[in-house]
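The values are calculated or read from the model by the stated rules, or taken from the named source; none is laboratory data. It should be emphasised that the depicted structure is a prediction, and the values quoted were computed from it without experimental measurement. Positions of Cβ are backbone-derived with ideal geometry, glycine not excepted, and every protein chain shown enters the neighbour counts.
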Amino acid sequence: MNIFTMGGLGLEKKEDAGRGVATPAVCSRKACRAEATWQLLWNNPRIHTPDRRKVWLSCAVHREWLEDYLQTRGLWKETQPFPMTVDPGEAH
Ligand SMILES: [Zn+2]
């Protein structure tokens, strides 16, 4: 049940911050400050409605790492180039 406690990854903060418009578009991987070039869309069916999409940003280097992280947990939906419009109704 603590699948989203992702303690050492530092991803929760970035996700919350991602709701704001002033967030720099940098990689979601902890300690990585690289410019994001990919966005990973994911959904946790246990806590999100099926059409909900959460977004992690990723640099080219960490895209695979983050994809694997989400895929391992069955949360990954798709990866898109960033910036790109995700879903006008997302995260509100
Ligand atoms: Zn990175």
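A few points about this structure:
- Within region 1-33, the set of residues being modelled with pLDDT of 70 or more, in a loop (DSSP other than H, G, I, E, B) and under 15 Å from P83 (Cβ atoms) comprises A25, C27, S28.
- N44 being outside any strand (DSSP E or B), at pLDDT 95 or above and either among the basic types (K, R) or away from the ligand (no atom under 16 Å from the Cβ) (or both): yes
Residue-by-condition table, conditions (1) within 16 Å of the ligand (Cβ to nearest atom); (2) surrounded by 20 or more Cβ atoms within 10 Å (Cβ to Cβ); (3) on the phi > 0 side of the Ramachandran plot:
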{"residue": "E35", "(1), (2), (3)": "yes, no, no"}
{"residue": "L66", "(1), (2), (3)": "yes, yes, no"}
{"residue": "R73", "(1), (2), (3)": "no, no, no"}
{"residue": "F82", "(1), (2), (3)": "yes, no, no"}
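- The numbered conditions (1) outside any loop (DSSP other than H, G, I, E, B); (2) modelled with pLDDT of 95 or more; (3) away from the ligand (no atom under 16 Å from the Cβ) are all true for V55 except (3).
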